[in-house]
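**Student:** Just passing along the structure, written as structure tokens.
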Amino acid sequence: MDNLAKAAEAMRSAQHIIVFTGAGVSAGSGIPTFRDDLTGLWERRDPQRLETAQAFRENPALVWGWYLWRRQQVMQAKPNAAHQAIHRLSGSERNVTVVTQNIDDLHERAGNQEVLHLHGSLMRPKCFACHRFIVGPLVFPIIPAEGALIEPPRCRRCNGRMRPAIVWFGEDLPPGVWKAASQAARQCDILLSIGTSGVVRPAADLPDIALASGAVVIHVNNVDVSMNGPNEIMLIGPAEKILPQLIALTLT
Ligand code: APR
């Protein structure tokens, strides 16, 4: 039996499935990943200059402009076949929990409403000073090109600068989100790990937590990221191709 058939057989008998996604699930929508050779965002930039609170303090216009550009890229992208297959799986009678490291809203636009965003989201900014989310609509300017310097708007409550509500390097994950995700990983039958390099903790610990609790981990990635454990199944290929096949076999 090939790995795809093995994975589908495991999925069919599972009651609680966690779908854990990384940047690779959105690559098929044209959104750059972080670490892929030559195409990854960090191949061309230093994350320390853009993805830390210190970077924002030193140059708020550079960091805010960078996030507006990334948000604009996301708004121009569409959910791909992988996001849509995940939504179909969620519609089956199983208990499916979607946990993502991604800050885009493509799972939501594919129809998944309850998504656990471990690293936050680009969609709703919050105040750098009082940490409260923005109230009311925010008009986002059109960003002419990457690297545009845009002064962040001010908080209506305390006049602090608005910042993207995402988790920067050196910051803690939103406590309630991590608790829910790690609890689900301890209780699931299968954790489907899609398009992640597994290098950023604690998010990358979720597959290990699931394995330690006796679950099966199915990896979907362009490259072999499996540790070849007895309860791991490795499906090599693009998520936008593999997932529709896997979910179709699961739901038949
Ligand atoms: N299908 C499946 N996997 C893919 C595809 C695809 N079409 N394209 C790329 N991949 C794989 C790559 O092989 C790689 O293993 O997706 C993974 C992307 O890895 P990263 O770029 O490191 O993204 P991710 O794992 O989500 O990064 C985790 O790091 O910078 C932080 O906060 C950021 O959430 C991010 C975290």
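The values are calculated or read from the model by the stated rules, or taken from the named source; none is laboratory data. This structure is a prediction, so every number in the text was calculated from the model and none was measured. Just the protein is used for accessible areas: all its heavy atoms, side chains included, with ligands, DNA and RNA removed. Shrake-Rupley method; radii C 1.70, N 1.55, O 1.52, S 1.80 Å.
**Student:** If eta is 0.692 mPa s and T is 37 °C, what Stokes-Einstein diffusion coefficient results for the stretch 61-150, Kirkwood Rh from Cα pairs, in µm²/s?
**Tutor:** Values: Rh = 14.8 Å.
For these conditions, the coefficient is 222 µm²/s.
**Student:** Quick one: check the C-alpha center-to-center distance for the stretch 61-131 versus the stretch 192-217, whole angstrom.
**Tutor:** 19 Å
**Student:** Quick one: compute the contact order of the chain, relative version, from alpha carbon pairs under 8 angstrom and 6+ residues apart, as a percent. Write down the numbers at each step before the final one.
**Tutor:** Numbers: 471 pairs, mean separation 65.7, N = 252.
Once divided by the residue count of the chain, the mean separation gives 26 percent.
**Student:** Near the amide H of VAL98, under 5 Å away, which other amide H atoms are found, from residues 5 or more places off or on another chain, if H is placed in the peptide plane?
**Tutor:** For VAL98, the qualifying residues are VAL19, LEU116.
**Student:** Would you kindly derive the ³J(HN,Hα) couplings of the stretch 209-220 from the backbone phi angles with the Karplus curve 6.51 cos²θ - 1.76 cosθ + 1.60 (θ = phi - 60°), listing them in order in whole Hz, with x for Gly and Pro?
**Tutor:** 4, 5, 4, 5, 9, x, 7, 9, 10, 10, 8, 10
**Student:** Using Cα springs under 10 Å in a Gaussian network model of the chain, which residue among ILE103, ILE142, ILE17 shows the largest mean-square fluctuation?
**Tutor:** ILE142
**Student:** Right, something else. Per 0.36 nm of contour for each residue apart, how much would the distance between ASN231 and ALA212 grow if the chain were fully extended, relative to their Cα-Cα spacing?
**Tutor:** 5.8 nm
**Student:** Just the number, please: carbon plus sulfur as a percent of the accessible area of the chain, 1.4 Å probe, no ligands or DNA/RNA counted.
**Tutor:** The nonpolar share, carbon plus sulfur, comes to 53 percent.
**Student:** What lysines could a cross-link reach from LYS6, if we take a straight Cα to Cα line under 28 Å and drop same-chain neighbours fewer than 8 places away?
**Tutor:** Cross-link targets: LYS241.
**Student:** Largest first and in whole Å, what are the equivalent-ellipsoid semi-axes of the stretch 166-252 based on the Cα gyration tensor, each being the root of 5 times an eigenvalue?
**Tutor:** On the way: eigenvalues 108, 49, 35 Å².
Sorted largest first and rounded, they come to 23, 16, 13 Å.
**Student:** Under a 1.4 Å probe, what is the accessible area of the chain per residue, stated in Å²?
**Tutor:** I get 47 Å² per residue for the chain.
**Student:** Over the chain, with a Gaussian network built from C-alpha contacts below 10 Å, which listed residue (GLU114, GLU240, GLU51) shows the highest mean-square fluctuation?
**Tutor:** Top of the fluctuation ranking is GLU114.
**Student:** Any idea what the relative contact order of the stretch 1-113 is, in percent, if you count C-alpha pairs under 8 Å spaced at least 6 apart?
**Tutor:** Details: 111 pairs, mean separation 39.7, N = 113.
Reported as a whole number, the value is 35 percent.
**Student:** Rule-of-thumb check for the chain: C-alpha Rg over 2.2 N^0.38 Å?
**Tutor:** This ratio for the chain stands at 1.03.
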